[in-house]
Amino acid sequence: MANIAFTNIDKTYPGGTQAIMDFSLAIADGERVALVGPSGCGKSTLLRLLAGLETPTHGQLSIGGEVVNYQSPQQRNVAMVFQDYALYPHMSVRRNLEFPLKMRNLPRVEIERQVHWVTDLLSLNGLLDRLPRQLSGGQRQRVAMGRALVRQPAVFLMDEPLSNLDARLRVQIRAEISDLLARTSATTLYVTHDQAEAMTLGQRVVVLDHGRLQQSASPQELYERPANTFVAGFIGNPPMNLLPAQLTGTSEERLRLRIGKQSLPLAVSAATVALWRQWLETPLSIGIRPEHLHLATEMDEGLRTTVQDAEYLGHETLLYLHIDSLAPPAPVAVMRLSGMRAFHKGEMLRLLLSPAHLHLFDAAGLALDHGVAGCDARY
Ligand code: ADP
């Protein structure tokens, strides 16, 4: 069993950098967790703590139910793949794979059995007699993973293993890793700053910022119900639009949304009106994803905006919009339209905000409600 538990972990480096603050997370045996966050948020520190390369300043770290705070890396059955995967350049692929097993003084027949297993797992059959310099970047990466997996670790740690590869290869190897991880039973923690990688590789995604856990959820939950404005603004490409707004209401049944000097009707259910009334006239941020902004018809009261820029991407068009009457530094809203659509700079557009997909956040950025659950899906 190799479940992992971080309990109230703090890590302060000598010199005073507080890299991790009060971090708690339980990972189940065999689970694949992707850890994502901006550069410097503490992702590698968490991995290094787990690998035994760093010691927590406070808190408890356990693997398989055993507290490992003071165990050496060798005492933990943990393997790690770094971004600058170092293979021994003078050794063939076969000898690179054998090396960690020889270090453990395993019998020859056992070494051969394990190397055979990992060779099959990673499709390395034709490459065993080559030297690392005779391999492509992607093949070298596979061998590096093989070398980490060959001793069948209970915990497999990957620290940005794809960041040295070009974009095309990244996508290809990402699919290979995803397939591989699904076939191994090792509990995996995968670190990346790339949200697409996190969302495709993790059964669960943990978002970190400034050393603190922001949210731990399935990729879908993270996208549909971000816990705060940080997660809303980090997950999604382009990310969720976040606009300063207030709810106003002239009667018991109806709500309006005030954005700058504009006021829009909100077509939400009576239950949602009843719930949201508690936040009337409170400074809020509303969140809406680019795909949930729609062009208003002549009949609708829409949000008035001005086109600042348009990106034609072939399968979709991204519009960058200034919202009229929002004082600078007003955020630019991004709208996603499918297909190629021609717009010109300075064009005025009126938008509908799909209320079924409106997220409310308080002034501190914490989620109050997600429209998906509470609204009439009108659009
Ligand atoms: P990430 O992997 O998310 O980029 P890191 O875990 O590497 O972040 O770093 C988190 C913070 O800790 C950063 O501010 C970094 O400068 C600092 N840090 C990392 N390693 C050390 C170290 N050995 N000594 C001092 N500070 C460090």
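Points worth noting:
- Test result for residue 17, within 12 Å of the ligand (Cβ to nearest atom), over 24 Å from residue 220 (Cα atoms), without any contact (Cβ under 8 Å) to a residue 12 or more places away in the chain and of a type outside the set (Gly, Ala, Ser): yes
- Among the conditions (1) more than 16 Å from the ligand (Cβ to nearest atom); (2) out of contact with any Gly (no Cβ under 9 Å at 6 or more places or on another chain), residue 69 misses just one, which is (2).
- When region 283-305 is filtered for residues that are surrounded by fewer than 14 Cβ atoms within 10 Å (Cβ to Cβ) and either among the polar types (S, T, N, Q) or assigned to a strand (DSSP E or B) (or both), only 297 remains.
- The residues listed here are 61, 49, 53, 25; of these, the one that is more than 8 Å from the ligand (Cβ to nearest atom) and either assigned to a loop (DSSP other than H, G, I, E, B) or basic (Lys, Arg) (or both) is 53.
- Of the candidates 133, 142, the single residue that is buried (at least 20 other Cβ atoms within 10 Å of the Cβ) and of a type in the set (D, E, K, R) is 142.
- Scanning region 322-350 for residues that are within 26 Å of the chain's Cα centre (by Cα) and either surrounded by 11 or more Cβ atoms within 10 Å (Cβ to Cβ) or part of a loop (DSSP other than H, G, I, E, B) (or both) returns 331, 332, 333, 334, 335, 336, 337.
- For residue 162, the criteria (1) assigned to a loop (DSSP other than H, G, I, E, B); (2) exposed (fewer than 15 other Cβ atoms within 10 Å of the Cβ) hold in every case but one, which is (2).
- Residue within region 294-314 that is touching a residue at least 60 places away in the same chain (Cβ under 8 Å) and out of contact with any Ser or Thr (no Cβ under 7 Å at 6 or more places or on another chain) present: no
- Screening 72, 39, 62 for residues that are at pLDDT 95 or above, on the phi < 0 side of the Ramachandran plot and hydroxyl-bearing (Ser, Thr, Tyr) leaves exactly one candidate, 62.
- Sole exception among (1) in a loop (DSSP other than H, G, I, E, B); (2) touching a residue at least 24 places away in the same chain (Cβ under 8 Å) for residue 71, by number: (2)
A quick yes/no check of all residues on (1) surrounded by fewer than 16 Cβ atoms within 10 Å (Cβ to Cβ); (2) aliphatic (A, V, I, L, M):
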residue	(1), (2)
73	yes, no
87	no, yes
98	no, no
101	no, yes
106	no, yes
110	yes, no
118	no, yes
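Here is a yes/no grid of residues against (1) under 19 Å from the mean Cα position of the chain (by Cα); (2) touching a residue at least 40 places away in the same chain (Cβ under 8 Å):
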site	(1), (2)
124	no, no
129	no, no
139	no, no
144	no, yes
148	no, yes
170	yes, no
187	yes, yes
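The values are calculated or read from the model by the stated rules, or taken from the named source; none is laboratory data. None of the values given here were measured: they were computed from a predicted structure. With ideal geometry, Cβ positions are generated from the backbone for all residues, glycine too; neighbour counts draw on all protein chains shown.
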